[in-house]
Amino acid sequence: MLTTSSAPFESIPVRRLLRSPSDLEHYGRDWTRRFVPSPSAVALPESVAEVQALVRWANQTGAPLVPSGGRTGLSGGAVAANGEVVVSLESMRSILSFDAADRLLTVQAGITTQAVQDAARERDLIYPVDFASRGSSQIGGNVATNAGGIKVLRYGLTRNWVAGLKVVTGSGELLDLNRGLVKNATGYDLRHLFVGSEGTLGVIVEVALRLAEPPPQQQVMVLALPRLDALTELLDRLRRRLVLSAFEFFSDKALAHVVRAGGRRPFEAPAPWYVLAEFDADQEAALSAFDEALADGLVNDGVLGQSDAQAQELWRLREGITESLSHLRPYKNDIAVRVGMLPTFLTAADGFFAREYPEFEVVWFGHIGDGNLHISVIHPDAMSDEAFTASCERVTHRLGALLSEFGGSISAEHGVGLLKKDYLHYSRSSPEIELMRAMKRVFDPAGVLNPGKVF
Ligand code: MLT
Ligand code: ZN
């Protein structure tokens, strides 16, 4: 492969190319903040033909490309730290069509998640995949990472909503996959290979998204829990009585950071753990589930949002966590086990984190309703970056081993990127990883797309 500094930028086949130091820094990083951005250029293609030309140019020159969405990722999948050319899809952000009969919204990959959600609502439908970074994240990046978020419990991950994809492969071919069909039993469904491929197999240029019927009026409740092991029992209880859209949890430590950043405590007396549940509004069922959980000692307190504004305020307690921690440069674990494994796993993980990080602040939160925990270790002020990262990496190897005992995942929804590739083998077998490498060679024979990511 040629070094990028020798790649002939004058011949790069895009109209818009950025090379100023501030642009290189801006487009070279994602939300991990752990890697020093160092791309050699930023290409902003404006058409599928330009993306194809760019990929073909990369094949001819050997210049590595980093496909880039809103760069809100948390695993370094969109980081360009080695002289790569960033391919930002942000100029390709149009809604291309809406098909009411099929409830299909076809968009260019650079459109934000929020714009897709708004477009769905304007058509009296919803795009139900949702997370706090909705305003900046782009649909192409959501597909490339199979983004999850806060409604997975009810609606599943991005994959469930991708009805068609147009992708430029690593050799520059344009594939038009599945074309919005519901049924299509014609062999391997290549569309799903690109979902979660983190820019290593192709550049996603267009997405046909299935939209859903809006749910009935939703209600939000935050509950205070006295013990970690009450979480799964409470999930089970609420699920029997209510139609849940979300079941999120956070610790008092997480809440303290949100409060410091301007959030309001929901209860006077602190509790060690909190749950936020969103469900199809049914005040009576919610109150009786709450009374029962209170009587059985699963909760100590609760608050039910009485208006949209109150519901939003309650959601901010959960959604504000990542932002409230970001200045502390936490080391993030994004792990998952099956929901049925949660009771034993939570006990094991509680002991594990207390043992492994006796002197660090460890902040728990996440999407407990689908088995996904975010456990962020706070960087102590007095510790160097190197020492902090080294000690977290040592512990993450042991965490990987613990997760493999539970059949869990070392990256539930943030992807592998650069941050988790050394731990991939705890969640995927050697034959699986070999097959993934073989697929990479098929779709990107010259290895120009996102080199060094995932593997
Ligand atoms: C979230 O659910 O808030 C993010 O995925 C998690 C994180 O910042 O670790
Ligand atoms: Zn999350």
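In nm, give the distance between the simple-model label positions of Asn184 and Gln114, each being 7 Å from the Cα along the Cα-to-Cβ direction.
3.1 nm
Treating the angle as unsigned and between 0 and 90°, give the value, to the nearest 10°, between the Cα long axis of helix 230-241 and the longest Cα principal axis of the chain.
Taking Cα atoms only, the helix is inclined about 90 degrees.
What Kirkwood hydrodynamic radius, in Å, does the range 80-150 give when the mean of 1/r is taken over all pairs of distinct Cα atoms and then inverted?
13.0 Å
Rounded to the nearest 10 degrees, what's the angle between the helix 48-61 long axis and the longest principal axis of the chain, both from Cα atoms, 0 to 90?
Tilt of helix 48-61: around 70 degrees.
Direction-averaged shadow area of the convex hull around the Cα atoms of the range 304-455, nm²?
For the range 304-455, averaging the hull's shadow over all directions gives 12.0 nm².
Taking a spot 7 Å from the Cα of His327 along the direction of its beta carbon, which residues of the range 256-276 have an amide N less than 11 Å from it?
Once the point is set 7 Å along Cα→Cβ of His327, 260-262 turn out to lie under 11 Å by backbone N, inside the range 256-276.
Report the rotationally averaged projected area of the range 366-430 based on its alpha-carbon convex hull, in square nanometres.
So the mean shadow area of the Cα hull is 5.0 nm².
In square nanometres, what is the average projected area of the Cα convex hull of the range 23-119?
About 7.0 nm², averaged over all directions.
Translational D (Stokes-Einstein, µm²/s) of the range 208-282 at 4 °C and 1.567 mPa s when Rh comes from the Kirkwood sum over C-alpha pairs?
Taking Rh from Cα pairs, D becomes 93 µm²/s.
Take each of the peptides 446-455, 28-37, average the number of other beta-carbon atoms within 10 Å over its residues, and list them starting from the highest.
Descending packing order for the listed peptides: 446-455, 28-37.
Above 19 angstrom, tally the Cα pairs of the range 74-202 and express them as a % of all pairs, no decimals.
50 percent
Per residue of the range 313-330, in order, report the coupling 6.51 cos²θ - 1.76 cosθ + 1.60 (Karplus, θ = phi - 60°) as ³J(HN,Hα) in whole Hz, putting x for Gly and Pro.
Working through the residues one at a time gives 5, 5, 4, 4, 4, 8, 6, x, 5, 4, 5, 5, 9, 4, 5, 8, 6, x Hz.
Straight-line reach from Lys253: which aspartates and glutamates fall under 19 Å, measuring Cα to Cα and dropping same-chain residues less than 8 apart?
Asp229, Glu268, Asp301, Glu313, Glu319, Glu323, Asp334, Asp350, Glu356, Glu359, Glu361, Asp381
Per residue, what volume in Å³ does the convex hull of the Cα atoms of the range 143-185 enclose?
Once divided by residue count, the hull of the range 143-185 is 82 Å³.
Dipole magnitude of the chain about its Cα centre, charges +1 at Lys/Arg Cβ and -1 at Asp/Glu Cβ only, in debye to the nearest 20?
That gives the chain a dipole magnitude of about 1020 debye.
For the range 275-376, what D do you get in µm² per second when you plug the Kirkwood radius from alpha-carbon pairs into Stokes-Einstein at 20 °C and 1.002 mPa s?
Here the translational diffusion coefficient equals 134 µm²/s.
Relative to the Cα centre, what is the charge dipole magnitude of the range 126-274, using +1 at the beta carbon of each Lys and Arg, -1 at the beta carbon of each Asp and Glu, and rounding to the nearest 20 debye?
Result for the range 126-274 is approximately 380 debye, rounded to the nearest 20.
Across every pair of different alpha-carbon atoms, what Kirkwood hydrodynamic radius in Å does the range 135-279 reach?
Computed over Cα pairs of the range 135-279, the Kirkwood hydrodynamic radius comes out at 18.1 Å.
Work out how much length Thr389 to Arg15 would gain on full extension: take 0.36 nm times their residue separation and subtract the Cα-Cα distance, in nm to one decimal.
130.6 nm
How would you order 333-340, 174-181 from highest to lowest mean count of nearby Cβ atoms within 10 Å?
For the peptides 333-340, 174-181, the packing ranking is 333-340, 174-181.
Between rounded, prolate and oblate, where does the range 134-212 land on the alpha carbon gyration tensor, with a ≥ b ≥ c its root eigenvalues, rounded for a/c under 1.5, else prolate if a/b exceeds b/c?
oblate
Mind ordering 277-286, 299-308 by average Cβ neighbours within 10 Å, highest first?
277-286, 299-308
Could you list, in their original order, any pairs among Lys183/Lys453; Lys166/Lys440; Lys420/Lys453; Lys332/Lys420 whose Cα atoms are separated by more than 21 Å?
The pairs that break the limit, which is 21 Å between Cα atoms, are Lys183/Lys453.
Assign one of three labels to the range 255-323, namely rounded, prolate or oblate, based on the Cα gyration tensor with a ≥ b ≥ c the square roots of its eigenvalues; rounded applies when a/c is under 1.5, prolate when it is not and a/b is larger than b/c, and oblate otherwise.
The shape class here is oblate.
I'd like the per residue volume of the convex hull spanned by the Cα atoms of the chain, given in cubic angstrom.
151 Å³
Just so you know, all these numbers are worked out from the coordinates, no wet-lab data involved. Treat the numbers as computed from the prediction; the structure is a model and nothing was measured. Here the Cβ is made from the backbone with ideal geometry for all residues, glycine too, and neighbour counts use every protein chain on show.
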